[in-house]
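Here's the structure we're looking at; comments come further down.
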Amino acid sequence: MCLCGVDYFSTLGYQPSIAFEGAGTLAPLATLVLVLVTLFGALPIYRHVAGETPDGVGSIGMIERMFHGWGAKLVVLVLIGFAATDFVITKTLSAADAAAHLISNPLYAGEAPAWMQGQIAVTMFLLVMLGGMFLRGYGEVVGIALVLVIAFLGLSFIVVTASVFHLVTHPALIQHWLAEISSGRYHLAHAPLAGTGPWVALGISLLVFPKLALGLSGFETGVLHIHLVRGTEAEPHNEQARVHNTRLMLLVSALIMSFFLIGSSLATGTNTLIPAEELQLEPVKGKAMDRALAYLAHGESPHPICPLFGHVFGTIYDISTILILWFAGASAMGGLLNMVPRYLPRYGMAPEWAGAYRPLVIAFTVINLVVTLAFRADVSAQGGAYATGVLVLMTSACVASLLHELRKKPEPHHGLSLQAQRLGFGLITLVFVYTTIANIYERPDGIIIASIFIATVMAISFTSRFFRSDEMRLKEFRFANDADRMLWTDIVLEGAFRVLVPHRPGSRSLHDKEAEIRRKHRIPETVPLVFLEVHYGDVSEFQNAPIISARQEGNRFIIVARDVVSVSHTIAQVAMEMAKNGAPLDIVFGWSKGGSLKLALDYVLFGQGDIPNRVVDLLDNAIADPTKRPMVIVG
């Protein structure tokens, strides 16, 4: 919970400022709407996702399992682009806010060298340190997260409860806030509704709550880390217990965060304990911007909230906030390290090293530094992209859960509960679709930045797929039954079959093709031929695992390979396997006709095309010794 919490709970470092920026003095009401969406929307959805993905694939994995082919791959790549936006911006935004807290601390400002008082320099330093921490190992990261979350939540509890207590015990402050709301002074630059009164205030709160969506982060990383959750003492890998504990973790995290969200919005978003001008970006950036709770902890409020508050307590609180914000990237890094090796290398859309831990850590750290420079370590500038990534992932989880329920067949005596579940998930999906669209409309920069991430993922993926298309890509040979396995084993062990003929079923009979092959290539009747039929499976997959069946008809043998991803690879793989116990065999082809570009694209995308040339390339790459290489004959 703490590893996920460093992402989820750390948003308290900047969420109150963003809430006031988006909702003004209606921030407590808009935050209440956010909490209701969290508890009755996001939480049920991700509890369902946890139950369906005990292997930790998350909502993206759910969608991948529902669809097949290139359409599914493209959807997954787009979602990975949004997830990369979420996780990368989580790291850069949190590190930038940690830098803002550090630079604003008077003790640091007075002692640190000048070169370490710049926002960009401090942010990049924190990101490099985080990457270095991951290079040491994952176990150390989890242990540090536990300490940081306990310290930060404990100190935040003091700040929030003391501030809310002061607010409640001073009725004049409450009356001032209510008077501002009733008179329509919301401190909003552009209120979506005009007028005054409780219904107008409620309507504005409902319309602006998407701007507070950063407070929803953490759920996706929670289900992505389900593999780290222990089942029971006796059976740590027990899936049922693991899902139960993950659901409990999500519930506890959501309840804790709901308390802090409502409490912090009351303490900071009422234009009482923190004056409105201190939470504004223009014309001059207020002292509480990006650090509202730290502003209170330092005793900078015009009200004497608590005798404990001051620069000593504030510095202690700054340290805990800086550390958890710095470490918030740990959860995001963990999500990236779990997600990228799970999909892209398997699709052939990333180099093989992308499945390794340390190279990925270095690569992501470099990306974080580039993003930080691009945004100049500005917290507010990254908010739109962060919210867009979070909301799209949560919407995808809603859609995946809804589709999963719609595909279920009603069981006797449970039809009503299934319909209720479908209705509930449908309503939640509508809420998140609205929230996502509203956020994109209000902050189009978010979708623009996410589109850059998506385009980058697409470009890297298809470039990698192109360059890796000539890898052998054999995962395994599967067999239709034991009899097929035995006949195939006999063919391979005997090593006496010297001619392999790829045959496209349906064009003409094997008898006619055999007669033509023997006539054109002067093959005697005493030489047995092995025909190979290949049937496609999901050609968008990268690794090949053909299902082999075999039979004998007189003096010829027929091998049938089904569920293949590439004809060329299957022919080369079968030829190499047949030749491993004997002399190299001949592979006899007919002519491949068609334009060069079309044949090349067909090969990369659909596993077909200029098959003889591709088989030659595959064999050349796989077998260094020409004397041991099967010979390709086209005629």
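The values are calculated or read from the model by the stated rules, or taken from the named source; none is laboratory data. Owing to the predicted nature of the structure, the values given are computational and were not obtained by experimental measurement. Heads up, the Cβs are rebuilt from the backbone with ideal geometry, glycines too, and the neighbour counts pull from every protein chain shown.
For Val229, the requirement of being crowded, with 21+ Cβ neighbours inside 10 Å and either hydroxyl-bearing (Ser, Thr, Tyr) or in contact with a Lys or Arg (Cβ under 8 Å, 6 or more places away or on another chain) (or both) is met.
The numbered conditions (1) in contact (Cβ under 8 Å) with a residue 12 or more places away in the chain; (2) over 18 Å from the mean Cα position of the chain (by Cα); (3) surrounded by 17 or more Cβ atoms within 10 Å (Cβ to Cβ) are all true for Ile319 except (1). When the residues of the stretch 44-56 are filtered to those that are at pLDDT 85 or above and not in a helix (DSSP H, G or I), the one that is surrounded by the fewest Cβ atoms within 10 Å (Cβ to Cβ) is Pro54. Hey, does the stretch 289-296 have a residue that's without any contact (Cβ under 8 Å) to a residue 60 or more places away in the chain, assigned by TED's automatic domain parsing to the domain that holds Ala455 and farther than 30 Å from His68 by Cβ? Yes: the stretch 289-296 contains one or more residues that are without any contact (Cβ under 8 Å) to a residue 60 or more places away in the chain, assigned by TED's automatic domain parsing to the domain that holds Ala455 and farther than 30 Å from His68 by Cβ.
Of the residues screened, Val252 is one that is touching a residue at least 12 places away in the same chain (Cβ under 8 Å), within 26 Å of Gly222 (Cβ to Cβ) and out of contact with any helix residue (DSSP H, G or I) (no Cβ under 9 Å at 6 or more places or on another chain). I'm checking my understanding of the structure. Among residues of the stretch 522-539 that are free of Cβ contacts under 8 Å to residues at least 60 places away in the same chain, outside any strand (DSSP E or B) and of a type outside the set (Val, Ile, Thr), which one is surrounded by the most Cβ atoms within 10 Å (Cβ to Cβ)? Residue satisfying both the conditions and the ranking: Gly537. Note on the stretch 57-75: among residues that are aliphatic (A, V, I, L, M) and buried (at least 22 other Cβ atoms within 10 Å of the Cβ), the one that is modelled with the lowest pLDDT is Val57.
Can you pull out every residue in the stretch 540-566 that is farther than 18 Å from Glu476 by Cβ and under 35 Å from the mean Cα position of the chain (by Cα)? Hit for the stretch 540-566 is Ser540, nothing else. Among the residues making up the stretch 421-463, a single one is without any contact (Cβ under 8 Å) to a residue 24 or more places away in the chain and of a type in the set (Lys, Arg): Arg422.
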